[in-house]
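Contents: one structure, followed by commentary.
The values are calculated or read from the model by the stated rules, or taken from the named source; none is laboratory data. Remember, it's a predicted structure, so these values are computed and weren't measured experimentally. Here Cβ is always computed from backbone atoms with ideal geometry, including for glycine, and neighbour counts include all displayed protein chains.
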Amino acid sequence: SKESKAIHETWKNLGKLCQKEGLTTIAQIDCSRFSEVCKKYEIIQYPTLILFKEGYRYYYNEDRTLNSLHKFVKLYFHDEL
């Protein structure tokens with residue numbers, strides 16, 4: 001989708017930033033190739049942003065800017081720095 005393409009660059013930059021800060025690993029999955037994984041995690045629209053931590057899933061549905069995404073990740077991983 002148009003939104004998926006627009007967030008691609010932001011997602012790459014978030015991955016670099018989180019790696020640099022030692023926060024977590026940012027990944028993406030192609031649901032057309034890995035439909036079983038997407039079904040398991042109930043991914044029905046794209047892009048779907050999910051943070052996994054200690055067996056829990058946290059879905060992100062807010063502003064898709066680098067700053068907002070980075071704050072969301074730091075919210076869950078700040079105590080591990």
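Screening PHE72 with (1) at pLDDT below 90; (2) surrounded by 10 or more Cβ atoms within 10 Å (Cβ to Cβ) gives one miss only, at (1).
Taking the conditions (1) at pLDDT 90 or above; (2) part of a helix (DSSP H, G or I) in turn, ASP63 satisfies each one other than (2). With respect to the stated conditions, LYS39 is more than 14 Å from LEU23 (Cβ to Cβ), charged (D, E, K, R) and either touching a residue at least 24 places away in the same chain (Cβ under 8 Å) or out of contact with any helix residue (DSSP H, G or I) (no Cβ under 7 Å at 6 or more places or on another chain) (or both). Restricting the first member to segment 17-35 and to residues that are surrounded by 13 or more Cβ atoms within 10 Å (Cβ to Cβ), and the second to residues that are assigned to a loop (DSSP other than H, G, I, E, B) and among the polar types (S, T, N, Q), the beta-carbon pairs closer than 6 Å and six or more apart or on different chains are CYS18/THR24.
Just one of the listed residues (ILE29, ILE50) is in a loop (DSSP other than H, G, I, E, B), within 13 Å of the chain's Cα centre (by Cα) and among the hydrophobic types (A, V, I, L, M, F, W, C), and it is ILE29.
The residues in segment 14-57 that are more than 18 Å from LEU75 (Cα to Cα) and of a type in the set (S, T, N, Q) can be counted, and the count is 5.
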